Each structure stands twice: as C-alpha cells, then as structure tokens.
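Report on the structure given below.
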Amino acid sequence: MKVIIPTAGLGTRLRPHTYSKPKPLVSVAGKPVLGHILDTLTRFPIDEMIFITGYLGNQIADYVTSNYKIPARFIEQTELKGQAHAVYLAREVVDGPTLILFVDTIFEADLSCLTEQDIDGAIFCKEVDDPRRFGVAFTKDGFITRLVEKPVTDESKLAMIGLYYIRDIQWLMRAIEVLMLRNIQTKGEYFLTDALQLMVENGARFTAPTVDVWEDCGKPETVLQTNRYLLDHGRDHVDASRLDGSIIIPPVYIDDTARVINSIIGPYVSIAAGAIVKDSIIRDSIINRDAQIVSATLQSSLIGDHAVVLGDFRELNVGDSSEIRYGRPAH
C-alpha cells in the first residue's frame, strides 16, 4: 500500500512560525508534527510515501530523508488549487489500495485490517461539537451516504479527520478529474470531500470508522493542546543531569542537548535541542531549537527556533530568529 501525504499548504494560521518552516515541521513534544505521524505510519507495511510539497518543500524532503529510512517520493505542487488537486498530482505513481493523510492532525487509528475488508474505502471520522469548519459524513447502516464540506448546519457532527483509505485510488483520480472538468469548487478550491461524494453517488461503499484521538495542529492554541496530549501520553522525557538547580513539574519534554538552569519548568512544556533556559518560569509552552530564554515568565507560549527572549512576559507567539527584550534597551 502507498501513502499520499499533501504538505503544500501555507499554514497562515500558524504565522509567524510558518514564515520560516512549513506547517508539518512545527514541533510538539520535541518532534515535528510530521515526525509523530511518520512514527505511526512506519508501524504498518507501506510500499512508498508520496509527499506533495510546495511552500518550503525542500525542508520537508530534507527532514524525511535525514530521519527516516522509508521509500519516499516528492512531487511539487506549483499551483495551490486545493486538497483534491494536490492528491491528483500523484495519479501517475499510485495504483490500487492507497492511504491519503493530511499532516495537520495527530491521530490514533487501527489501520492493520483495512485491506482485508470488502469495502471501497474508509473515511476516518470523529464526533465534534461544531462541525461547520470541517468536512462531515452522513451514514446509514454502517456506510456513508453523503459527504459535505464545511456544512452550514450541524445536522451531522461526524467530522472527517483527514485520513482516508481508498481501495482503488484510480477511481478517486477519475472523480477528481470530473471535479476539475466541471469546475466543482468549494470556496474557490477543489476539495477531496467533493470528489469522494461523486464516488458515493456512483456506488462507492465507504465506512466511517471513528477514532478516539484526533489532535489538530492548525492554530497556536491547538498546537499547545496537542503538546499537552502527547506529554500526557508517554512523549515526555527529562535527563536530570541536564538540569542545574531547576524544578521540573511533569509532564515535560526536555531534549538531551538543551540546558535548563535555575528555572521552574512545567507542567506541559517542551524544550527542543540546543535551547537554553535560565532563571525562568515556564509552563504550557513550546520552546524550539536553539532558543534562549533568560529571566522570563512564560505561559501558553510558542517560541521559535533561535529566538531570544530576555525579560518578563506572560504569553508569547514568537517566530524563528526573533529577539524580544523587556526592561532594557535593545542593542
């Protein structure tokens, strides 16, 4: 089985962090979101992963090839025409059973028995309180009867999480071709939901297995929520020898190459490789690679790679290579 992984979105809701890195490389619990997803996928027999790249796509390729020994292919999406268009770019290199996975969410789902079932596909879902910003599924007798992208009502609360199994991927590719020929768009883009709906109308039998865990990583507040979830579920890590006169309130993740000096850290803090935290109090925050935090009080904050924070703050969303000073003139 092959996997198509679209990664070309701009990630505008995560700016300033996505000015310098693609959204899948935003970190939670000490690792990029993409890394957590690949860790899950590599437990299953995958023949090849096809990454659809765009904005800063070279960083995606570098990360995958440097950290994972998996058969990988990278296809550039030069025009951002939507999810379905991104998937369509892989049409010449896929056939048969295929997974499609969008990388702004972390999930826990059983994929092991999919190919043994007599179905045309499975669209993984989770019930949500407000379905209006998602694609939703309507079901009857265990099968999907209708799919709607970003519904105006909450008639169905079964939201699609961005994980799809398609037994005959070329059937989906033909449906996407119909979308583009008829110019069927939702809010100016070609959505995968509309192509899957065409398949349903032509007799496709899709199930809607539900997942217990679906953590979104599309906005700063949901990145922090995902960080909390992962730290609560075994992704915490602390090497006490790297702590100089500091107090740790679990759960936290502190990379072995980070330094924490005379500080109070936690709960729910991730500190990445090379970061230095000194004389600070930090909770519910993510401190990225090679950042420096000195004499600061941080809560619910995202601090980018190589960023420098000097002074007393409560809540920050600071991109890569930024420098923030408080209580003293900048030089």
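Here, each number is a calculation from the coordinates, and none is a lab measurement. The model shown is predicted, which means the values in this text are computed figures rather than measured ones. Don't worry about glycine lacking a Cβ; one is built from the backbone with ideal geometry, like all the others, and counts go over all protein chains shown.
See the values below:
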{"quantity": "Cα-based convex hull, the range 203-307, per residue volume (Å³, whole number)", "calculated": "111"}
{"quantity": "Among Val294, Val260, Val152, residue whose mean-square fluctuation peaks in a GNM of the chain (springs only between Cα atoms under 10 Å)", "calculated": "Val152"}
{"quantity": "Highest to lowest packing among 278-286, 244-252, scored as the average C-beta count within 10 Å", "calculated": "278-286, 244-252"}
{"quantity": "Neighbourhood charge, 15 Å Cβ-Cβ cut-off, centred on Val94 and excluding it, Lys, Arg +1 and Asp, Glu -1", "calculated": "-1"}
{"quantity": "For the range 102-168: rounded, prolate or oblate by the Cα gyration tensor [a/c cutoff 1.5]", "calculated": "oblate"}
{"quantity": "Gyration tensor verdict on the range 2-229 (Cα atoms; rounded if a/c is under 1.5, prolate if a/b is larger than b/c, oblate otherwise)", "calculated": "rounded"}
{"quantity": "Residue order, fewest to most surrounding Cβ atoms within 10 angstrom, among Ser301, Ser295, Ser112", "calculated": "Ser112, Ser295, Ser301"}
{"quantity": "Reach of Lys150 by Cα under 18 Å, taken over aspartates and glutamates that are not fewer than 8 positions away in the same chain", "calculated": "Asp104, Glu127, Asp129, Asp130, Glu189, Asp194, Asp216"}
{"quantity": "For peptides 178-185, 81-88, sequence by mean Cβ density within 10 Å, most packed first", "calculated": "81-88, 178-185"}
{"quantity": "222 nm mean residue ellipticity, helices alone, for the chain (DSSP H n ≥ 4; -39,500 (n - 2.57); rounded to 500)", "calculated": "-5500 deg cm²/dmol"}
{"quantity": "Highest-MSF residue in the chain out of Arg73, Arg43, Arg132 [GNM, Cα springs under 10 Å]", "calculated": "Arg43"}
{"quantity": "Relative contact order %, the chain, counting alpha carbon pairs below 8 Å whose residues are six or more apart", "calculated": "15"}
{"quantity": "Mean Cβ neighbour count within 10 Å, used as a protection proxy, ranking 138-146, 203-211, 100-108 highest first", "calculated": "100-108, 203-211, 138-146"}
{"quantity": "The range 2-229: antiparallel DSSP beta bridges as a percent of all, rounded to 5", "calculated": "60"}
